[in-house]
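Engineer: One structure, as structure tokens, below. Some questions next.
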Amino acid sequence: GWQASDGMGGRLQRFTHTGGIVLAGNRLINTCSGVSYGRMLCSTPPADDPETALQQVQNGGESKCYSDGTGFASIQTEYVSKGVGMYIRVSELKNLTISSLDGDIGRCRDFLFDDEQWTVRYLELNTSRWLLGRRVLVSPAVVGIPDLKNSRLPVNLTRTAIEEAPGLDKDQPVSRQYEATYAQHFGQMYYWWGGGLWGTGSYPGDIVTSREAVPSEGQKEVELDHENNHLRSAEEVIGYGTHATDGDIGEVSDFVVDTDTWTITFAALDTRRWLPGKEVLLPISWVSGISWVDRTFKVDVTKDSIQAAPEMEEPLTVETIVAYYAHFGRQA
């Protein structure tokens, strides 16, 4: 992903090793030495035409970034992590220190996800004595790549920007009206508008970059008529019981998040009450029903198949995921 100094950002869509040329949508970026991992920070010098900029980059000239036809930006590269689109446990993310643009601000207290698309919409921060008595939320749209080596989770906001965000009392729920106010404050699209996972796109940064798709005032009012935003607390849902097609099998011990899209892709299922010492993966797509009242999940697999499933391995890779699906005779 790349982020500009004014908060704009997006996902890299095409990478050419020779010359380090990257096209992210209609944005032209030189990534320096052909290294595609990391977060790129931009400043904004005078505009130029894209053909000249491309020629300069190909000839080893100054790195430039083409942004929505409004000009170019010099690029410097800050290498944050060598894992893009990592699968990380919620419990592991909670142990990372949140790093703003001007200092550390705390850790994650909780993750608020919507129960329709199983996507984390906000990180709720524990800021200790700072901002005491307030719920402090950060959208994944401004969250960088997790730096597991240094136990850091970068956020592209200053402490002042976080402090000046719309207030939310400690015991106040996150309403749709608050979400709209929050999005407007940070210049973001409504993530629930547009038909995609994030606005009109698939990645958190798309609600910042897709300005052409911002809804009209009339459309905004229609969207706000729906008060139920389906937000759930990951902290609360962890511990729910799990029912296979033929009986109880365990309880949810954790969630696994794809930090590329911030979707919850798996639940970690603790079966130690029935199978001592075993924790297995449960793809969220296999959840056939949820009772929020009874605090239970229903899954479309049998107890025997879960009992025979391989134990969860870490770090979770694409290869282990494919092998896990193969165990159940399904395609990942």
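The values are calculated or read from the model by the stated rules, or taken from the named source; none is laboratory data. Since the model is a prediction, treat every value here as computed from it, not as a measurement. When we count neighbours, we look across all protein chains shown, and the Cβ atoms used for this are built from the backbone with ideal geometry, even at glycine. The protein model used for the area step is the full one, side chains on, heavy atoms only, and it has no ligands, DNA or RNA in it. Shrake-Rupley method; radii C 1.70, N 1.55, O 1.52, S 1.80 Å.
Engineer: Go through the range 100-120 and report how many residues are modelled with pLDDT under 95 and of a type in the set (Val, Ile, Thr).
Structural biologist: 1
Engineer: Being in contact (Cβ under 8 Å) with a residue 60 or more places away in the chain and closer than 14 Å to residue 137 by Cα is the filter here; which residues of the range 162-196 pass it?
Structural biologist: 162, 174, 186
Engineer: Considering (1) basic (Lys, Arg); (2) without any contact (Cβ under 8 Å) to a residue 12 or more places away in the chain; (3) in contact with a strand residue (DSSP E or B) (Cβ under 9 Å, 6 or more places away or on another chain), say which one residue 129 fails and leave the rest.
Structural biologist: The number of the failed condition is (3).
Engineer: Same structure again: Return the total of residues in the range 254-287 being more than 15 Å from residue 87 (Cβ to Cβ) and open to solvent by 40 Å² or more (accessible area, probe 1.4 Å).
Structural biologist: Qualifying residue count for the region: 5.
Engineer: Here's a check for you: in the range 98-115, which residue that is outside any strand (DSSP E or B) and out of contact with any helix residue (DSSP H, G or I) (no Cβ under 6 Å at 6 or more places or on another chain) is surrounded by the fewest Cβ atoms within 10 Å (Cβ to Cβ)?
Structural biologist: Taking the candidates together, the pick is 115.
Engineer: For the range 141-170, give me each residue that is basic (Lys, Arg), closer than 15 Å to residue 126 by Cα and at pLDDT below 90.
Structural biologist: Across the range 141-170, the qualifying residue is only 170.
Engineer: Would you please list the contacts, defined by Cβ atoms under 9 Å and residues six or more apart or on different chains, that run from a residue in the range 316-330 that is open to solvent by 50 Å² or more (accessible area, probe 1.4 Å) to a residue that is modelled with pLDDT of 85 or more and in a helix (DSSP H, G or I)?
Structural biologist: 327/305; 329/305; 330/286
Engineer: Tell me the residue from 263, 242, 259 that is more than 22 Å from the chain's Cα centre (by Cα), modelled with pLDDT of 90 or more, farther than 20 Å from residue 181 by Cβ and among the hydroxyl-bearing types (Ser, Thr, Tyr), please.
Structural biologist: Answer to the check: 242.
Engineer: Which of the residues that make up the range 266-278 are modelled with pLDDT under 90 and either aliphatic (A, V, I, L, M) or out of contact with any helix residue (DSSP H, G or I) (no Cβ under 7 Å at 6 or more places or on another chain) (or both)?
Structural biologist: 272, 273, 274, 275, 276, 277, 278
Engineer: Condition (residue is assigned to a strand (DSSP E or B), open to solvent by 20 Å² or more (accessible area, probe 1.4 Å) and within 15 Å of residue 309 (Cβ to Cβ)) applied to the range 226-249: is it met by at least one residue?
Structural biologist: No, the conditions are met nowhere in the range 226-249.
Engineer: Still on this structure: Might you check whether a residue that is over 28 Å from residue 265 (Cβ atoms) and aromatic (Phe, Trp, Tyr) occurs anywhere in the range 194-202?
Structural biologist: No, every residue in the range 194-202 fails to be over 28 Å from residue 265 (Cβ atoms) and aromatic (Phe, Trp, Tyr).
Engineer: Tell me which residues, restricted to the range 247-271, are of a type in the set (Gly, Ala, Ser) and without any contact (Cβ under 8 Å) to a residue 60 or more places away in the chain.
Structural biologist: 247, 250, 253, 267
Engineer: Same structure, new question: Could you list, in sequence order, the residues of the range 136-178 that are of a type in the set (Ser, Thr, Tyr) and either open to solvent by less than 30 Å² (accessible area, probe 1.4 Å) or not in a loop (DSSP other than H, G, I, E, B) (or both)?
Structural biologist: Across the range 136-178, the qualifying residues are 139, 160, 178.
Engineer: Scan the range 294-325 for residues that are out of contact with any helix residue (DSSP H, G or I) (no Cβ under 6 Å at 6 or more places or on another chain) and among the acidic types (Asp, Glu) and jot them down.
Structural biologist: 294, 304, 311, 314, 319
Engineer: So, in the range 298-327, of the ones that are aliphatic (A, V, I, L, M) and outside any helix (DSSP H, G or I), which residue ends up nearest to residue 287 (Cα to Cα)?
Structural biologist: 299
Engineer: Now for a different question. Can you tell me how many residues within the range 118-130 are buried (at least 17 other Cβ atoms within 10 Å of the Cβ) and within 29 Å of residue 284 (Cα to Cα)?
Structural biologist: 8
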